[in-house]
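S.K.: Just passing along the structure, written as structure tokens.
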Amino acid sequence: MRRCAGCGCWEYGGAPGCDRCAALVDRIVEDGWRVFLRDRFGVAELPAEEESAIAEMVADEPDRHDWRVVDGALDRLTCSGCGAPLGGGPRGCPPCDLADGFRYSAIETDRPNVPPGNEHAIRVGVSVIRAGHRQSPRALLGWRLGLPALLDGFLPSTAEAQALRARINTGATYDDLARLYADFTNFPNR
């Protein structure tokens, strides 16, 4: 793991407040969408109208696509209730709440050489960080801290995750938790 030159957090972990880290998190989804287009349609870029039609098809059958593809599709659709990207509007917006729930029926395939469940954890972390306004500050802090290590193939044990959650609940800061996480993962703290 590397520190972000923009915010000093581990890369990805400064999102959503750090533009550089937020762009890295968004790129996880965008790269998945582009690979999907290239694999299915032979090109990574299509006219906006065509991409929108494909996005509607994907959003209608999220259980048939990788989660990155589903999230990429939702980014390209506009919510009829609030005008935000579908699934990314404020909590309480019915179409966004529905789309946000259905996104979790997408396919999650663990990468080689990572613990089972790592990909699920990454997808939850990406979803939480990309829609930080839909989350509690405590949940957002936990995922900001964990996503960089998850991307490196780490998956905390239940006991480790509970220890982190307990520290978050007692007011720990990102830096406090980074030291604890470094102990779990053997990653350098600085």
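The values are calculated or read from the model by the stated rules, or taken from the named source; none is laboratory data. For clarity, every value in this text was computed on a predicted model and none was experimentally measured. Cβ coordinates were reconstructed from backbone atoms using ideal geometry, including for glycine residues, and neighbour counts include every protein chain displayed. These area figures cover heavy atoms from the full protein model, side chains too; ligands, DNA and RNA do not enter into them. Shrake-Rupley method; radii C 1.70, N 1.55, O 1.52, S 1.80 Å.
S.K.: From the list ALA99, ALA53, ALA59, ALA73, which one is among the aliphatic types (A, V, I, L, M), open to solvent by 50 Å² or more (accessible area, probe 1.4 Å), more than 30 Å from LEU180 (Cα to Cα) and in a helix (DSSP H, G or I)?
M.R.: From the options ALA99, ALA53, ALA59, ALA73, the qualifying one is ALA53.
S.K.: Additional query: Residues in the range 128-136: is at least one over 21 Å from ALA48 (Cα atoms), touching a residue at least 60 places away in the same chain (Cβ under 8 Å) and of a type in the set (A, V, I, L, M, F, W, C)?
M.R.: yes
S.K.: Scanning the range 1-38 for residues that are hydrophobic (A, V, I, L, M, F, W, C) and part of a loop (DSSP other than H, G, I, E, B), which turns out most open to solvent (accessible area, probe 1.4 Å)?
M.R.: This residue is ALA5.
S.K.: Go through (1) under 20 Å from ILE28 (Cα atoms); (2) modelled with pLDDT of 95 or more; (3) surrounded by fewer than 17 Cβ atoms within 10 Å (Cβ to Cβ) one by one and return the number of the condition PRO90 breaks.
M.R.: If we test PRO90 against (1) under 20 Å from ILE28 (Cα atoms); (2) modelled with pLDDT of 95 or more; (3) surrounded by fewer than 17 Cβ atoms within 10 Å (Cβ to Cβ), just (1) comes out false.
S.K.: Now a separate question. Does LEU46 satisfy the condition of being of a type outside the set (S, T, N, Q) and part of a helix (DSSP H, G or I)?
M.R.: Criteria not met by LEU46.
S.K.: Identify all residues within the range 115-146 that are over 17 Å from GLY171 (Cα atoms) and either small (Gly, Ala, Ser) or open to solvent by 30 Å² or more (accessible area, probe 1.4 Å) (or both); write none if there are none.
M.R.: The initial filter retains those residues of the range 115-146 that are over 17 Å from GLY171 (Cα atoms), namely 115-134.
PRO115, PRO116, GLY117, HIS120, ALA121, GLY125, SER127, ARG130, ALA131, GLY132, HIS133 - these are the residues of the range 115-146 that are over 17 Å from GLY171 (Cα atoms) and either small (Gly, Ala, Ser) or open to solvent by 30 Å² or more (accessible area, probe 1.4 Å) (or both).
S.K.: Do we find that ASP19 is closer than 16 Å to ILE129 by Cα, within 20 Å of the chain's Cα centre (by Cα) and modelled with pLDDT of 95 or more in this structure?
M.R.: Criteria met by ASP19.
S.K.: Shifting gears a bit: Name the single residue that is nearest to LEU74 (Cα to Cα) among those in the range 39-50 being among the acidic types (Asp, Glu) and loosely packed, with under 13 Cβ neighbours inside 10 Å. Can you show your working first?
M.R.: At the first step, the residues of the range 39-50 found to be among the acidic types (Asp, Glu) are 39, 45, 49-50.
Now drop any that are not loosely packed, with under 13 Cβ neighbours inside 10 Å, which leaves 39, 45, 49.
On the way: ASP39: 19, GLU45: 17, GLU49: 14 Å.
Applying the filter and picking the extreme gives GLU49.
S.K.: Also: Can you tell which of LEU155, LEU86, LEU145, LEU77 is hydrophobic (A, V, I, L, M, F, W, C), within 21 Å of CYS18 (Cα to Cα) and touching a helix residue (DSSP H, G or I) at 6+ places or on another chain (Cβ under 6 Å)?
M.R.: Only one candidate qualifies: LEU145.
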